[in-house]
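A short write-up of the structure that comes next.
The values are calculated or read from the model by the stated rules, or taken from the named source; none is laboratory data. Computed from a predicted model, the values in this text were never measured in an experiment. In this analysis, Cβ positions are derived from the backbone assuming ideal geometry, glycine residues included, and neighbour counts consider all displayed protein chains. Just the protein is used for accessible areas: all its heavy atoms, side chains included, with ligands, DNA and RNA removed. Shrake-Rupley method; radii C 1.70, N 1.55, O 1.52, S 1.80 Å.
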Amino acid sequence: MLKCYAVLTQCRNAVFSSCAAAWPTFPRHLHPRRFIMAALIEEDLKHCLEGVTVSRLMGPNEANFAGNVHGGNILKLMEEAGCILATRYYNVAGKKNLPNYQPGMAALVRVERTDFLQPMYIGEVAELHTELTFTSAHSIEVLITVFAEDCIKGQKRLTNRARLWYVSMSSDEKVLPIPPLPNTKKIEQGKIRYEKQKKERAAHRHTRIERVPSILQEELDPQTVGYSQTTLRHLVGVVDTNSAGYVMGGVIMKLMDECAGLVAVKHCKTNVVTASMDATNFHQKVKKGSLVTLTGFITFTSPKSIEIEVVVDAEFLRSGSAQKERAVSSFFTFVSLDSNHRPMPVPQIMPVTEEELERHKAAEERYLERKRQREQESTS
Amino acid sequence: MLKCYAVLTQCRNAVFSSCAAAWPTFPRHLHPRRFIMAALIEEDLKHCLEGVTVSRLMGPNEANFAGNVHGGNILKLMEEAGCILATRYYNVAGKKNLPNYQPGMAALVRVERTDFLQPMYIGEVAELHTELTFTSAHSIEVLITVFAEDCIKGQKRLTNRARLWYVSMSSDEKVLPIPPLPNTKKIEQGKIRYEKQKKERAAHRHTRIERVPSILQEELDPQTVGYSQTTLRHLVGVVDTNSAGYVMGGVIMKLMDECAGLVAVKHCKTNVVTASMDATNFHQKVKKGSLVTLTGFITFTSPKSIEIEVVVDAEFLRSGSAQKERAVSSFFTFVSLDSNHRPMPVPQIMPVTEEELERHKAAEERYLERKRQREQESTS
Amino acid sequence: MLKCYAVLTQCRNAVFSSCAAAWPTFPRHLHPRRFIMAALIEEDLKHCLEGVTVSRLMGPNEANFAGNVHGGNILKLMEEAGCILATRYYNVAGKKNLPNYQPGMAALVRVERTDFLQPMYIGEVAELHTELTFTSAHSIEVLITVFAEDCIKGQKRLTNRARLWYVSMSSDEKVLPIPPLPNTKKIEQGKIRYEKQKKERAAHRHTRIERVPSILQEELDPQTVGYSQTTLRHLVGVVDTNSAGYVMGGVIMKLMDECAGLVAVKHCKTNVVTASMDATNFHQKVKKGSLVTLTGFITFTSPKSIEIEVVVDAEFLRSGSAQKERAVSSFFTFVSLDSNHRPMPVPQIMPVTEEELERHKAAEERYLERKRQREQESTS
């Protein structure tokens, strides 16, 4: 067991092998085969297909008072790691294989649902492994697996994994063609995932243009939606953007998690943590100099969890127009923890308006669907 | 009472109404009418006149060891919120109403005096409400009100408010004309404030060019001015600037508060907090790549407060000249807190040189004037 | 004694004088004469030759759990202070004295060995004094002395000092000629230091191109090199670069120290601190948009110290090539502290492969050489 851990510590950038199955915190559905890099790739693309590992020490500013690292910080790191791999792959493979190659930079368009399986604490090292898993004509899929490493105890735990979809953008904002991945082994499963997300993104584009719910002044009870509804605003600065002047998707996800966290704290008045983020689409790139407005509100409560919807609108302040555009929206699930870090019952939400009742019903369906999927995964 | 709080929590961006009067920590002079937005405005300017609310969770890096958020961080947030509203107003109203409109970015030129009425703590949310209150031919006045929200206890306290004056700058550094505010109701009071600040800025421009006091080596007593005098230096980086490459006023105010705080700690050797910042003029824009030198020194002590002057000089390092220019200067009042967070007596300063005695006398007059104004406000 | 401290507090930017010798924590080899600025300089260069003092309050994010500020943060501040002085000197003296002067920005090329003599704690002020000590045809040497100031106790301790070498770069990346330093007094010692570092840099350039050691899967024992070997990766963002778009040397040194610190924690499983950084050469400038990969591994353990080598490779992601270039490498010495902040014995490393044994032997020689030098310095 100790041996197994040591191998994992060491083989950064290398092939994960038989130890994974023996590792106690490894969920059963995370079969080691998924980590094995294809052997039959062209020699000169080998390096860029190897995946990158990004590690970062977690400081006090990245966590809440109980010492739990905010899920938003992990999402931000994941996006950065995915961006590194996608940018490297596009440029190395593209220069070699594309007839009209021009340099490109990866931009996030979608994150698949991710569960936060284990908490991460201040002082631990977040270690992110990345893998190129699929390319379509214009998109790159990256699988990211996150571990929390306690360097003093010598322990490493899987905290979460997600698939991120990127496009490659030229400096004049064109979406560039993606060179096909030389590994053709698992292409069929990739195609299925690609078609599924394409369908969902298309559906999502049309349903999510409704306005942020307005709050009736009569809804004053602490269990109402309006009581905990929270708006954050952020003027996008130089720090938040990539070299192309666009806000990195991870920056937005971090703000979304912060917004959802405040909603959960207001509702529960306890220590809360992110349990999952649903699949999230980035409809709009957000430019430097934009005002980003995030609004979070509770849609549903189960006995021990809360679903919070966060919608993000962007407004370019120097456009001379006060129009906002919906840039992103997603559903976060939070749990409330007692002093022993164990999930505790949450106060039940009381939807009042017709809109709130509708949202509540739709959210309940998502809740049951997630539950079904988890059960399916644990038995398969 | 709880109802009242809940309304306030909810109506972000909305009209503050009758609840304010019933709110216990609301100072009497802060009449709710001030929050009501004019109803008779053109429909398409409505959105940009509504004001913005900026919220931010306060982390450990933003506070001192007793958990008090530094006043400088609040000043920085205030400036950012004001910049958002002024930039939005100029561009939306300007594009519609100005014959030769060009995009502009708000730049801070003055902050009126602000008292820090209540402390803010780590883990609380700073919530800033902004309101457009006056425009002159070339300036915009924004009123900013700051609340500290304890999300777990469900309490919100007013911490401070200030009026900030902005100009709008084009990308080639011209000061742009400001479209007049459609709301003409309270224009007379605004004009009075405008003329008053104009006079003060003009007066200030000529009196504040003296050098930073040099310290005599004989002044070694811990109660002397020289003992606690502190210099901070900061190389202005990309992080500190707006999209136009100029340092944001809030960044400078944060550094000024940090400098004043170190002076106060050296003198009192206790936990100190910012009680107020006097009206502050920004004479010079500071470019990226400049070295900013801040010097803080005590001018006066009352039984329970210290006045500290902070002067800020900027030097553009690649100009090939070692000349500094006075960019800003202001007076901060600090109080010393005991372990129960109550103000305690401060060691009295001993001015020695003629310069120090002169400063001390002028500071005493400011102290008495502030006291008179506070009494006036609380009885009016 | 208190008098002496007060003088030091006050005379920022001024001549350090007789008090230094009387200061108890001042090491004997740090003779006060070194601080005295030459009197015979041209009047108009006086200001820029005076040196700058940079002060910064240390926050919780800059320290480990025992409250010790990471050595890497101090190295970063040192580099920033040196950059300010070198940039100012080049431009002021250059504009006056160089026939084809063009504006330049200082870029770090080498740091001489530095010992961390005393720890610095959260809440203390890091105060850095800089002095121009030598110029060659194309380089500037800056001596930087760092103090930790406890403002509440009124105490200041010397923590470390180092000599940093800079070149001046034009905006089109040419290395610019440096105007000669008017002070010709200590030029002979400067020449000796210059020639010594030139020789070392040349030697280093050829010996350090070997690859990062690959880890054998059999090396699973916690005392092996492979067990604690650590890789950090960082995508260079806007925040990390100077106005010319290149990563500041201090940013890299901070990451190197973080990487070495993680290696030391994994090996010792205790509170560890940086004891010294060996002379470090910057072979390659690193551009914005590059992926920086840092790998740290133990080379040697003495009874109470660990030597860790950190190698840094840079890869510009949009180059279309996956090639990495060795940007920097250095040797850090760490010590392990018990709960009373006293150095404690460290677990001994077990080199296994031929490569590891070779490194161990070379490291032992460096260890003995450092010991000899320390003894020499304390007796001279």
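Chain B against chain C buries an accessible area of about 3300 Å², both chains summed, 1.4 Å probe radius. Accessible surface area normalised per residue over the stretch C:34-184 is 34 Å², counting heavy atoms of protein chains with a 1.4 Å rolling probe. With the highest mean first, a sort of the peptides A:366-374, A:81-89 on other beta-carbon atoms found within 10 angstrom per residue produces A:81-89, A:366-374. Need one word for the stretch B:46-101: rounded, prolate or oblate. Basis is the Cα gyration tensor (sqrt eigenvalues a ≥ b ≥ c); a/c below 1.5 gives rounded, then a/b vs b/c decides. Prolate. Along the axis of the charge dipole computed for the stretch C:227-311 (Cβ charges of +1 for Lys and Arg, -1 for Asp and Glu, origin at the Cα centre), the listed residues C:A260, C:G237, C:V310 are led at the positive end by C:G237. Across the stretch B:242-299, the fraction of Cα-Cα pairs farther apart than 14 Å, rounded to a whole number, is 63%.
Each copy carries a label point for B:N100 at 7 Å from Cα toward Cβ; from one copy, the others' points are 4.1, 4.1 nm away, ordered from shortest. Distances between equivalent label points of C:E355 across the copies, with each point positioned 7 Å along Cα→Cβ, amount to 6.2, 6.2 nm, shortest listed first. If you roll a 1.4 Å probe over the stretch C:219-379 with all protein chains in place, what percent of the accessible area is carbon or sulfur? Summing carbon and sulfur atoms, their accessible area is 52 percent of the total for the stretch C:219-379.
Counting only lysines at least 8 places from B:K96 when in the same chain, those with an alpha carbon closer than 21 Å to its own are A:K324, B:K46, B:K174. Here C:V109 sits with roughly 20 square angstrom of accessible surface, probe radius 1.4 Å. The overall shape of the stretch A:326-380 is oblate: from the C-alpha gyration tensor, with semi-axes ordered a ≥ b ≥ c, the ratio a/c is 1.5 or greater and a/b is no larger than b/c.
Per q in 0.10 1/Å, what log10 I(q)/I(0) does a Debye calculation on the alpha-carbon atoms of the stretch C:219-379 return? Log10 I(q)/I(0), no solvent term: -0.40. With a Förster radius of 41 Å applied to the beta-carbon distance between B:A137 and A:Q373, the computed FRET efficiency rounds to 0.10. The value for the stretch B:34-184 of Rg(Cα) / (2.2 N^0.38 Å) is 1.12. Would you mind classifying the stretch A:73-122 by shape? Square roots of the alpha carbon gyration tensor eigenvalues, ordered a ≥ b ≥ c; an a/c under 1.5 is rounded, otherwise it is prolate if a/b is larger than b/c and oblate if not. Prolate.
Given a 1.4 Å probe and heavy atoms of the protein chains only, how would you sort B:E377, C:E315, largest accessible area at the top?
Ranked list, largest accessible area first: B:E377, C:E315.
Quick one: check the C-alpha center-to-center distance for the stretch C:330-380 versus the stretch A:232-292, whole angstrom. Their Cα centres are 45 Å away from one another. Between copies, the label points of B:V239, set 7 Å from Cα on the Cα→Cβ line, lie 0.6, 0.6 nm apart, reported in increasing order to one decimal in nanometres.
Straight-line cross-link partners of A:K287 among the aspartates and glutamates, defined as a Cα under 14 Å from its Cα and at least 8 positions apart when in the same chain: A:D172, A:E173, A:D240, A:D313, A:E315, A:E325. Of all lysines in the structure, the ones whose alpha carbon falls short of 21 Å from that of C:K266, not counting any fewer than 8 places away in one chain, are A:K3, A:K153, A:K156, C:K254, C:K304.
Modelled spin-label separation between B:K186 and B:Q223, with each label point placed 7 Å from Cα along the Cα-to-Cβ direction: 4.6 nm.
Here the simple spin-label model places points 7 Å from the Cα toward Cβ, and for C:K199 and B:R366 these points are separated by 5.9 nm.
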